[in-house]
Amino acid sequence: MTAFRPPHIAASEITPESIYLNRRTLLGAAAAGVGFAGAGRVMATPLTAAPSAYKLDEKLTPLESVTTYNNFYEFGTDKGDPAKNSGKFRPMPWTVKVDGLVGKPQEFGLDELMKGISLEERVYRMRCVEGWSMVIPWIGFPLSALLDKVEPLGSAKYVAFETVVRPEEMPGQTGMFQPLDWPYVEGLRLDEARNPLTILSVGLYGQTLPNANGAPIRLVVPWKYGFKGIKSIVRISLVEQQPATTWKNSNAAEYGFYSNVNPAVDHPRWSQATEQRIGEGGFFSAGRRPTLPFNGYADQVAGLYAGMDLKANY
Ligand SMILES: Nc1nc2c(c(=O)[nH]1)N[C@H]1C(S)=C(S)[C@@H](COP(=O)(O)O)O[C@H]1N2
Ligand SMILES: [Mo]
């Protein structure tokens, strides 16, 4: 294995976050055949030379911000709640049921699910619908690789995802105020799900996923608003009809099924033209940066929507 230093980190700007590259990481453990569940929170050396679409010439968002400024309403609605309130959540052991219109439905343990699939590092730009963004070094694998294992039938047109429901471990699922209906559900068209950019993530910054970020396995779709990236997934179903999605259920006038990042289509209550990169722009530079069509991934995904009215299909 060759040592790997991503080009987005210049030697002159080695930060605490970039030191993760020298730690034992998830990638190496997978390569070494070490069991995921048994591997704990750290593993060997990352090493894949990633294709250029999976790297970015932008500063990584500090680990501290990535893991303490979150949306995960199962743990509360404030940005600090997921880190604060997820200490009781136990992501191991874990199973994911993959069913519906497939030839080989299966309930996978995590090790089993990832067997024969290599983990990769993907540095993605992430854009929340609320107007903030981050750059996150995810560890994961293409969703397509999992779909191949279960052999979708020709009648399958969409993929539906479901988050775990565990009120005993998720304080946002108890009490008087329930901001959303549980389970949190999301969906993609099958061709979106099969796009090489779409990954299931099991880690970030070279470590297994923190609870606040959707341990032990979550979806990452970098050209869509953040809420499409459903966390702590327990079920993935291949279906024929467009599945229900949590934020559309909650407010269909404001949140649609597609939710592609689009600076030209405003949210009914605010502009989507610019974004605040978390960890950037202090007191003296409150600068917001322009939001890019498809969050900067137009070359890879614009073709999925050829001929579609993206204002109507928001
Ligand atoms: N189950 C579940 N998944 C979820 C959410 C949630 O509340 N519950 N929030 C979404 C939103 S709005 C965003 S912006 C991203 C945030 O991911 P991060 O905290 O890892 O940055 O998670 C998404 N996935
Ligand atoms: Mo979000």
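The values are calculated or read from the model by the stated rules, or taken from the named source; none is laboratory data. All values derive from a computational prediction rather than experimental measurement. With ideal geometry, Cβ positions are generated from the backbone for all residues, glycine too; neighbour counts draw on all protein chains shown.
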*asked:* With under 12 Å from GLU186 (Cα atoms), within 13 Å of ligand 2 (Cβ to nearest atom) and of a type outside the set (Ser, Thr, Tyr) as the only criterion, which of GLY214, GLY256, GLY226 stands out?
replied: GLY226
*Consider only pairs whose beta carbons are under 8 Å apart and that are at least six residues apart or on different chains; among these, list those whose first residue lies in the stretch 138-163 and is closer than 14 Å to GLN241 by Cα and whose second residue is acidic (Asp, Glu) and surrounded by 20 or more Cβ atoms within 10 Å (Cβ to Cβ).*
ALA160/GLU186; PHE161/GLU186
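When you go through ALA306, ALA215, ALA273 one by one, which is the residue that is within 26 Å of THR67 (Cα to Cα), surrounded by fewer than 16 Cβ atoms within 10 Å (Cβ to Cβ) and at pLDDT 95 or above?
After applying the criteria, what remains is ALA273.
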*asked:* List the residue pairs whose Cβ atoms are under 7 Å apart, where the first residue sits in the stretch 196-212 and is under 20 Å from TYR297 (Cα atoms), the second is within 9 Å of ligand 1 (Cβ to nearest atom) and in a loop (DSSP other than H, G, I, E, B), and the two are 6 or more positions apart or on different chains.
replied: SER201/LEU209
_Within the stretch 72-101, take every residue that is hydrophobic (A, V, I, L, M, F, W, C) and touching an Asp or Glu at 6+ places or on another chain (Cβ under 6 Å) and give me the one that is surrounded by the fewest Cβ atoms within 10 Å (Cβ to Cβ)._
PHE89
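Filtering the stretch 113-130 down to residues that are of a type outside the set (A, V, I, L, M), closer than 19 Å to PRO142 by Cβ and in contact with a strand residue (DSSP E or B) (Cβ under 8 Å, 6 or more places away or on another chain), which residue is farthest from ligand 1 (Cβ to nearest atom)?
Applying the filter and picking the extreme gives SER118.
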*asked:* Restricting to the stretch 164-195, name every residue that is within 13 Å of ligand 1 (Cβ to nearest atom), of a type in the set (Asp, Glu) and closer than 28 Å to ALA302 by Cβ.
replied: GLU186
*Residue satisfying all of: in the stretch 103-147; hydroxyl-bearing (Ser, Thr, Tyr) and within 15 Å of the chain's Cα centre (by Cα); farthest from VAL239 (Cα to Cα) among these*: SER133
*Options THR245, THR208; residue that is within 13 Å of ligand 1 (Cβ to nearest atom) and modelled with pLDDT of 95 or more*: THR245
